[in-house]
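A short write-up of the structure that comes next.
Since every read-out is calculated from the coordinates, none of them should be taken as a lab result. Quick caveat, the model's predicted, so the values are computed rather than measured. Positions of Cβ are generated from backbone atoms using ideal geometry, with glycine treated the same way; all protein chains shown enter the neighbour counts.
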Amino acid sequence: MKKWEFSKIIVAATILLVYPAVILLSWRVIELAEMAVAMKFTGALPYLTAIITPAWAAFATILGFYFNKAKGENKEKIRMANKRDF
């Protein structure tokens, strides 16, 4: 069995641990917004979006850096494979 690269371990841990927490947080905030609407709250709810935005931004940042790193690694692997074939 091939050994996992460290970056893949980080992304797997992120998906298993951070993603469910972000989903749960988003779900709770939506519930709070629904409760506010049901109680006829007529003000703005910017604090709710302020809670969700950083959580999704952190998740997207982690995945963005991983995909960028993977792109570089794959280019190098392809380059090495092409050199071996010729």
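Before moving on, here are some points about what is shown:
- Karplus-derived HN-Hα couplings along the stretch 70-75 (A = 6.51, B = -1.76, C = 1.60, θ = phi - 60°), whole Hz, x at Gly and Pro: 5, 4, x, 5, 5, 4
- Scattering profile of the stretch 7-85 at q = 0.10, 0.19, 0.20, 0.24 Å⁻¹ [log10 I(q)/I(0), Debye over alpha-carbon scatterers]: -0.42, -0.85, -0.89, -1.05
- Each of 55, 13, 30 was placed along the dipole of the chain (beta-carbon charges, centred on the mean Cα), and the one lying farthest toward the positive end is 13.
- GNM flexibility winner over the chain from 54, 20, 46 (Cα, springs under 10 Å): 46
- For the chain, the longest site-free run once trypsin sites (Lys or Arg not before Pro) in DSSP loop states with at most 10 other Cβ atoms within 10 Å are removed: 41-86
- For the chain, the longest principal axis of the C-alpha atoms and the axis of helix 19-38 are separated by about 20°.
- Here the chain is treated with +1 on each Lys and Arg Cβ and -1 on each Asp and Glu Cβ, and its dipole about the Cα centre works out to around 600 debye.
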